[in-house]
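Chemist: Shown below is the structure under consideration.
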Amino acid sequence: MKTIELKVKDKVAEKFSRMDAVERKQLLKKVEEFVTKESKFMQTVREMQREAKDNGLTQEILDEILNENK
């Protein structure tokens with residue numbers, strides 16, 4: 001495990017300093033989930049990219065489609 005430093009508002013730091021070990025552990029778990037979990041939006045984007053690639057859509061073809069009306 002590594003130690004990190006977070007810049008927070010004074011009120012947050014005060015509340016953190018009053019947390020007991022159980023509360024700090026729960027907070028750490030939430031921070032870990034937030035940092036490691038890919039957002040639903042990005043999951044959808046990656047899925048769409050994968051599907052487009054599987055269907056033969058390349059960046060060049062996409063650029064052509066986007067530039068057709070210019």
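Readers should treat all values here as calculations from the given coordinates under stated rules, not as data from a laboratory. This is a predicted model, so every value here is computed, not measured. Quick reminder, even Gly has a Cβ in these numbers, built from the backbone with ideal geometry, and neighbours come from all protein chains shown.
Chemist: Could you please find all residues in the stretch 7-58 being assigned to a loop (DSSP other than H, G, I, E, B) and touching a Phe, Trp or Tyr at 6+ places or on another chain (Cβ under 9 Å)? Working first, answer last.
Modeler: Quick first cut of the stretch 7-58, residues assigned to a loop (DSSP other than H, G, I, E, B) only: 7-9, 19-20, 37-39, 55-58.
Answer for the stretch 7-58, where residues must be assigned to a loop (DSSP other than H, G, I, E, B) and touching a Phe, Trp or Tyr at 6+ places or on another chain (Cβ under 9 Å): just 8.
Chemist: I'm checking my understanding of the structure. Among residues of the stretch 39-64 that are surrounded by 10 or more Cβ atoms within 10 Å (Cβ to Cβ) and under 12 Å from the mean Cα position of the chain (by Cα), which one is nearest to residue 5 (Cα to Cα)?
Modeler: 42
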